[in-house]
Amino acid sequence: MTYIWPSPAKINLFLYVTGMRSDGYHYIQSLFQFLNYGDTLKIIENNTGNIELFTEKKTILKKENTIIRAAKLLKSKALYYEKTNCHTLGAKIFLNKKIPMGSGLGGGSSNAATVLIVLNKLWKTKFTLAELAKFSIKIGSDVPAFIMGKTSVIEGIGEILHPIQRKEKWYLVVYPKIHILTKNIFSSSLIKSEAQKKSIKLLLQSPFSNDFENIVSNKFKKIKKLISILSLYAPARMTGTGSCVFAEFDDKISAQKTFSLLPQNVKGFIAKGMNTSSLHRVFYKRKTHVFN
């Protein structure tokens, strides 16, 4: 039986840069919150040795994206660590894309995590989640958090996770139709990396903010305008390195009311925060039925 697997979006409730390594990677502290909104993937394993991706978003197919990279990485690691001796491991992967690209919602990283978790079971390569998370950092700094699947404070370059429980609030997320490449923002000379690393307790007690917001909003005036508009109704800030802006609410009705007050040309969606990602909720609920 073939299932459709969730690939959820995320928002960064706060994001701070605390330093930079000699290789250019930045140290961060961030609070990673999953949303009940995202892409879906249908994954069918086979023995052709080929990994194929199918999607209506043709721009995704023009380069080796995170989905293909994740599947190839899992296969190479399985062969290296002798989790399998089968060189013909293959898959057909069908992507239904809802998360805007370059939006700060983690779509590419989420896609990679879903592929790694599902193919790990379908191919019977038997890596633990911790093992998948460890080598997935090669794909992107957000991938380990998606693999572990819990609301977490993230440190290091994305590989250190501290799971927490948080009230599952509602979020209004607005999208300015701007595609921002994370690597371009992280390479900005405007990043201030002298911020002192804080304890998790202090991080959660302090007002939340995003160190990249001024850099991005000054470069993209449309994002600055969206933050200003949304801030008329609720505290608003940017997620990740942009471009989406969000506001937090205690209930869905309040989020819907605010959305109705925004100009008609403002595009977005309303989603609920999740302490456990939708992939983990579905995967571990189904696993005894899907793969036996």
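Is it true that residue 232 is surrounded by fewer than 12 Cβ atoms within 10 Å (Cβ to Cβ) and either assigned to a loop (DSSP other than H, G, I, E, B) or at pLDDT below 95 (or both)? When the stated conditions are applied, residue 232 passes them.
Applying the condition of being farther than 12 Å from residue 223 by Cα and aromatic (Phe, Trp, Tyr) to the range 236-273 and asking which residue is surrounded by the fewest Cβ atoms within 10 Å (Cβ to Cβ) yields 269. Being touching an Asp or Glu at 6+ places or on another chain (Cβ under 6 Å) and either closer than 17 Å to residue 106 by Cβ or part of a helix (DSSP H, G or I) (or both) holds for only one residue in 273, 242, 268, and it is 273.
When each of 77, 72, 83 is tested for being of a type in the set (D, E, K, R), in contact with a helix residue (DSSP H, G or I) (Cβ under 8 Å, 6 or more places away or on another chain) and part of a helix (DSSP H, G or I), the lone residue that passes is 77.
Scanning for something aromatic (Phe, Trp, Tyr), surrounded by fewer than 17 Cβ atoms within 10 Å (Cβ to Cβ) and more than 17 Å from the chain's Cα centre (by Cα), does the range 188-211 turn up at least one residue?
As a first pass, look at the range 188-211 and keep what is aromatic (Phe, Trp, Tyr): 208.
Within this subset, residues satisfying the condition of being surrounded by fewer than 17 Cβ atoms within 10 Å (Cβ to Cβ) are 208.
Retained after the next criterion (residues that are more than 17 Å from the chain's Cα centre (by Cα)): 208.
Checked the range 188-211: at least one residue is aromatic (Phe, Trp, Tyr), surrounded by fewer than 17 Cβ atoms within 10 Å (Cβ to Cβ) and more than 17 Å from the chain's Cα centre (by Cα).
Which of the residues spanning the range 5-29 are out of contact with any helix residue (DSSP H, G or I) (no Cβ under 9 Å at 6 or more places or on another chain), surrounded by 21 or more Cβ atoms within 10 Å (Cβ to Cβ) and of a type in the set (S, T, N, Q)? Passing the criteria: only 12.
The set of residues in the range 181-200 that are modelled with pLDDT of 80 or more, of a type in the set (A, V, I, L, M) and in a loop (DSSP other than H, G, I, E, B) contains only 181.
Evaluation of residue 127 against the conditions (1) outside any helix (DSSP H, G or I); (2) within 30 Å of residue 269 (Cα to Cα) shows that the sole unmet condition is (2). Take the residues of the range 38-59 that are in contact (Cβ under 8 Å) with a residue 60 or more places away in the chain and touching a Lys or Arg at 6+ places or on another chain (Cβ under 7 Å): which is surrounded by the fewest Cβ atoms within 10 Å (Cβ to Cβ)? Checked the range 38-59; the qualifying residue surrounded by the fewest Cβ atoms within 10 Å (Cβ to Cβ) is 39. Only one of the listed residues (172, 181) is aliphatic (A, V, I, L, M), surrounded by fewer than 17 Cβ atoms within 10 Å (Cβ to Cβ), in contact (Cβ under 8 Å) with a residue 40 or more places away in the chain and under 26 Å from residue 226 (Cα atoms). That residue is 181. Let me confirm something: among 43, 67, which residue is part of a strand (DSSP E or B) and either under 22 Å from residue 153 (Cβ atoms) or in contact with a helix residue (DSSP H, G or I) (Cβ under 7 Å, 6 or more places away or on another chain) (or both)? Of the residues listed, the single one that is part of a strand (DSSP E or B) and either under 22 Å from residue 153 (Cβ atoms) or in contact with a helix residue (DSSP H, G or I) (Cβ under 7 Å, 6 or more places away or on another chain) (or both) is 43.
Only one of these is touching a His at 6+ places or on another chain (Cβ under 9 Å) and not assigned by TED's automatic domain parsing to the domain that holds residue 35: 191, 178. Name it. That would be 191, the only listed residue that is touching a His at 6+ places or on another chain (Cβ under 9 Å) and not assigned by TED's automatic domain parsing to the domain that holds residue 35.
Do the conditions hold for residue 104, that is, is it under 22 Å from residue 172 (Cβ atoms) and either assigned by TED's automatic domain parsing to the domain that holds residue 270 or not basic (Lys, Arg) (or both)? It is true that residue 104 is under 22 Å from residue 172 (Cβ atoms) and either assigned by TED's automatic domain parsing to the domain that holds residue 270 or not basic (Lys, Arg) (or both).
Out of 74, 89, 15, one residue alone is of a type outside the set (Ser, Thr, Tyr), in contact (Cβ under 8 Å) with a residue 40 or more places away in the chain and out of contact with any Asp or Glu (no Cβ under 8 Å at 6 or more places or on another chain). It is 74.
The values are calculated or read from the model by the stated rules, or taken from the named source; none is laboratory data. Please read all numbers here as calculations on a predicted model, not as lab measurements. Reconstructed Cβ throughout: ideal geometry from the backbone, glycine too, with neighbour counts over all protein chains shown.
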